[in-house]
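Here's the structure we're looking at; comments come further down.
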Amino acid sequence: MRKILHLVMLLCLWLPHLASGQRSNDKRFPFMAWDYVEDPRILQSMHEAGITSVAFVRPKTLNDCQKYNLKCIVFDERLSGDLWSKPFNGDLFRKNLSSIIKEVGNHPALWGYHVKDEPPESDFPELAKAVAGVNELAPGKWPYINLFPGEGDSYDKYLDHFVDMVHPAALSYDRYSIIGEPGSGGLDPIFRENLAQVRDAQRHHLPFWNIVLSSPHWRYRDLTEADIRLQVWASLAYGVRGISYYKFVSKELPILNADDLGNWRGGPLNQFEEKTPTWDWLRDTDRQVQNIAPVYLKLRADDVYHFGDIPKLNHGLSEQSLIKSMPEGEYVVGEFTHPHRRPLRAHRK
């Protein structure tokens, strides 16, 4: 029998003002298109779908990003070097960063600088130099590094070593779990296991981001609307502070010496850069999240627990859990507390 996973986000406070639906751009939940963009038409399509930031743009594209209210990570080979064949060079990054800062200045669309994608531990000492360089020369900008996914004790050590050695501004990782037969629904259990590990890494007091699949390729099955919603809302239940979509356009990434993984399809924009049903699913999901964003972004994530099957590295009901029972089925519950209000459990008898 096909199982259905239900998500319950329990906001442990009274929220009378959510009904107004009003929100300010300063309180947007961050949705990033993990893609490279030069064409203003694609930036416009991203903006209309609810995207708030873009992972890779050249300095020359920042004016168009500002036009569509998008915060952007600047990509330049002088900083990132050769992604695959050579170790990362932190000294070279720092040397070239000064030149690029002169090109972009204090542009209002500039959010940060791309440093490295999926680094091995051997790169950590050099990455630390790059992060220190951004903090010194461009304070307040994000030295953007995205990590491998993983599992087991080795991944816990990978995360701890990264934080201890590199001193990042945030934790970002990718985990694509849309597998199985078409129409089978659900996600690979490793999706929730990985979420649990990165969430636990919040003991370092860093926000975390999850990159989820929005353009199938390679071995991943075709998406459904439920897949988009499930990836996003499950991440929110675990306390994520940003969602990235990989990718927005259904074709290979033209930078980073990235391999063409093949069979790109079903992304928000197809290979002809035309909207697909996924674009509507993304837009609708993003709108739903923005309705709670002004409050969600202030909350402290207290706990996550499961009813039904309990994935590895997760737990079920405890004495402290606010929800004591649920109808038969699969549920994941995220508990949160607002910093200016007492949690609901303080009033329980």
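The values are calculated or read from the model by the stated rules, or taken from the named source; none is laboratory data. Please read all numbers here as calculations on a predicted model, not as lab measurements. As a convention, Cβ positions derive from the backbone with ideal geometry for all residues, glycine included, and neighbour counts pool all protein chains shown.
Residues that are out of contact with any Ser or Thr (no Cβ under 8 Å at 6 or more places or on another chain), acidic (Asp, Glu) and under 15 Å from residue 243 (Cα atoms): does the range 286-293 have at least one?
Checked the range 286-293: at least one residue is out of contact with any Ser or Thr (no Cβ under 8 Å at 6 or more places or on another chain), acidic (Asp, Glu) and under 15 Å from residue 243 (Cα atoms).
Of the conditions (1) under 22 Å from residue 45 (Cβ atoms); (2) buried (at least 20 other Cβ atoms within 10 Å of the Cβ), residue 222 clears all except one; give me its number.
(2)
Just the residues that are hydrophobic (A, V, I, L, M, F, W, C) and crowded, with 16+ Cβ neighbours inside 10 Å, please, taken from the range 137-147.
Correct list: 138, 142, 145, 147.
Do any helices (runs of 4 or more DSSP H) entirely within the range 27-104 hold 2 or more residues that are under 20 Å from the mean Cα position of the chain (by Cα), and if so, which?
40-48
Give the range 221-251 a look and list any residue that's closer than 18 Å to residue 200 by Cα and assigned to a loop (DSSP other than H, G, I, E, B), or say none.
238, 239, 240, 241
Quick test for you: out of 236, 253, pick the one residue that is at pLDDT below 95, buried (at least 16 other Cβ atoms within 10 Å of the Cβ) and within 19 Å of the chain's Cα centre (by Cα).
On the way: 236 fails: at pLDDT below 95.
None of the other options fit; the residue is 253.
Here are some residues: 56, 88. Which one is farther than 24 Å from residue 242 by Cα, touching a strand residue (DSSP E or B) at 6+ places or on another chain (Cβ under 7 Å) and either in contact (Cβ under 8 Å) with a residue 12 or more places away in the chain or of a type in the set (Asp, Glu) (or both)?
88
Would you say residue 265 is assigned to a loop (DSSP other than H, G, I, E, B), touching a Pro at 6+ places or on another chain (Cβ under 7 Å) and surrounded by fewer than 19 Cβ atoms within 10 Å (Cβ to Cβ)? Talk me through it step by step, then tell me what you get.
Numbers: assigned to a loop (DSSP other than H, G, I, E, B): yes; touching a Pro at 6+ places or on another chain (Cβ under 7 Å): yes; surrounded by fewer than 19 Cβ atoms within 10 Å (Cβ to Cβ): yes.
Here the answer is yes, as residue 265 does meet what is asked.
Scan the range 317-331 for residues that are under 15 Å from residue 237 (Cα atoms) and more than 25 Å from the chain's Cα centre (by Cα) and jot them down. Don't jump to the end; show me each part of the working.
Let us first name the residues in the range 317-331 that are under 15 Å from residue 237 (Cα atoms), namely 321-323, 330-331.
Within the range 317-331, 321, 322, 323 qualify.
Return the residue satisfying two criteria in turn: it lies in the range 86-133 and is closer than 19 Å to residue 146 by Cβ and basic (Lys, Arg), and of such residues it is modelled with the lowest pLDDT.
Checking each candidate, the answer is 86.
Please enumerate the residues belonging to the range 105-121 that are surrounded by 13 or more Cβ atoms within 10 Å (Cβ to Cβ), touching a helix residue (DSSP H, G or I) at 6+ places or on another chain (Cβ under 9 Å) and part of a loop (DSSP other than H, G, I, E, B).
The answer is 107, 109, 119.
Would a scan of the range 3-22 turn up a residue that is under 28 Å from residue 278 (Cβ atoms), surrounded by 19 or more Cβ atoms within 10 Å (Cβ to Cβ), at pLDDT 95 or above and in contact with an Asp or Glu (Cβ under 7 Å, 6 or more places away or on another chain)?
Checking the range 3-22: not a single residue is under 28 Å from residue 278 (Cβ atoms), surrounded by 19 or more Cβ atoms within 10 Å (Cβ to Cβ), at pLDDT 95 or above and in contact with an Asp or Glu (Cβ under 7 Å, 6 or more places away or on another chain).
Test residue 128 against the criterion of being farther than 26 Å from residue 233 by Cβ and assigned to a helix (DSSP H, G or I), and give yes or no.
Details: farther than 26 Å from residue 233 by Cβ: yes; assigned to a helix (DSSP H, G or I): yes.
Yes, satisfied.
What number goes with the only condition from (1) closer than 23 Å to residue 121 by Cβ; (2) buried (at least 22 other Cβ atoms within 10 Å of the Cβ); (3) modelled with pLDDT of 95 or more; (4) under 12 Å from the mean Cα position of the chain (by Cα) that residue 174 does not pass?
So the condition that residue 174 fails would be (2).
Would you pick out the residues in the range 141-155 that are free of Cβ contacts under 8 Å to residues at least 40 places away in the same chain and either closer than 20 Å to residue 56 by Cβ or touching a His at 6+ places or on another chain (Cβ under 8 Å) (or both)? Reasoning before the result, please.
The initial filter retains those residues of the range 141-155 that are free of Cβ contacts under 8 Å to residues at least 40 places away in the same chain, namely 141, 143, 145, 147-148, 152-154.
Residues satisfying the conditions are 141, 143, 145, 147, 148.
Residue pairs, Cβ under 9 Å, 6 or more apart or interchain, first in the range 308-326 and acidic (Asp, Glu), second modelled with pLDDT under 90. List them.
The qualifying pairs are 309/3; 309/189; 309/330.
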